[in-house]
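Worksheet: one structure, shown below.
What follows draws every value from the coordinates through simple rules; no lab data is involved. Values in this document were obtained by computation on a predicted structure and should not be read as measured data. As a convention, Cβ positions derive from the backbone with ideal geometry for all residues, glycine included, and neighbour counts pool all protein chains shown.
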Amino acid sequence: MVSNQNITENDWNLDESRTLIQALIKDFYKNNLNSFTDPIKQEGLIAAGKEISQIIILFNRLQKLLNRNTPQNIWWDKIPRLVLPDNRDKIQRELTELSKALIFAIEALRESSSNLNIAQAIRVDVEQIVCKYEHPLTGFIINPFLSVHRSPSTTTKGIFGLISAVFIYGGITSSITGLWIFSEIINYYNNNYNTSKKAL
């Protein structure tokens, strides 16, 4: 049995967590090897396997963010930041905790494939925070869209789609109208300028 209790804050690193994830996945398949032949349990195990694969993809995204926010010895890093503070240490601590949460989600699935809802909830929460760091400017738009996309309710998706269509259509038509008005103003001033030039 594999546990992440012996990994402390100081010696936590990505290689150890990757090794731990591999061991947990091996445990998951070893524990459920006989259950794959049972058609009733097979569906839940396949769903749990898909969830594990999505967690691994999210873990790789976390690793990229951790690498991107690693403090480095570059000369411009020594210049004090006056406008934007250097939050890389804080971001790294948060991302480390998120990777531990993903490992907990895999552990929950390893214990029982009936813990699928717990693992999905953890993954979705982590994914929203990762999205916020990956897309600092547009994350507040992407996260609600993904929340609706994950929603099991067709009504919610339909209403969100209609509202989005109205905003998109309104944005496109107002842009085209604005460009048309701008071009008409330029044509009006060009015609007045040419007329006054001819009069002179």
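Things worth noting here:
- For region 129-137, putting each phi into the Karplus relation 6.51 cos²θ - 1.76 cosθ + 1.60 with θ = phi - 60° gives couplings of 5, 4, 4, 4, 7, 6, 10, x, 8 Hz, in residue order, rounded to whole numbers and with x for Gly and Pro.
- FRET efficiency for the residue 38 to residue 118 pair, using the beta carbon distance and R₀ = 30 Å, is estimated at 0.85.
- Inter-centroid distance (Cα atoms) of region 95-124 relative to region 131-200, Å: 39 Å
- Partners of residue 41 within straight-line reach, counting aspartates and glutamates whose Cα lies under 19 Å from its Cα and excluding those fewer than 8 residues away in the same chain: 27, 51, 107, 111.
- In terms of packing, defined here as the mean over residues of other Cβ atoms within 10 angstrom, the peptides 179-186, 57-64, 31-38 line up highest first as 57-64, 31-38, 179-186.
- Applied to region 49-64, the Karplus parametrisation 6.51 cos²θ - 1.76 cosθ + 1.60 on θ = phi - 60° returns per-residue 3J(HN,Hα) values of x, 5, 5, 4, 5, 5, 5, 5, 4, 5, 4, 5, 5, 4, 4, 4 Hz, with x for Gly and Pro.
- Subset of 132/157; 50/132; 26/64; 50/90; 100/132; 64/157 violating a 29 Å alpha-carbon distance limit: 50/90; 64/157
- Point-to-point label distance, residue 67-residue 50, nm (Cα→Cβ direction, 7 Å offset): 2.9 nm
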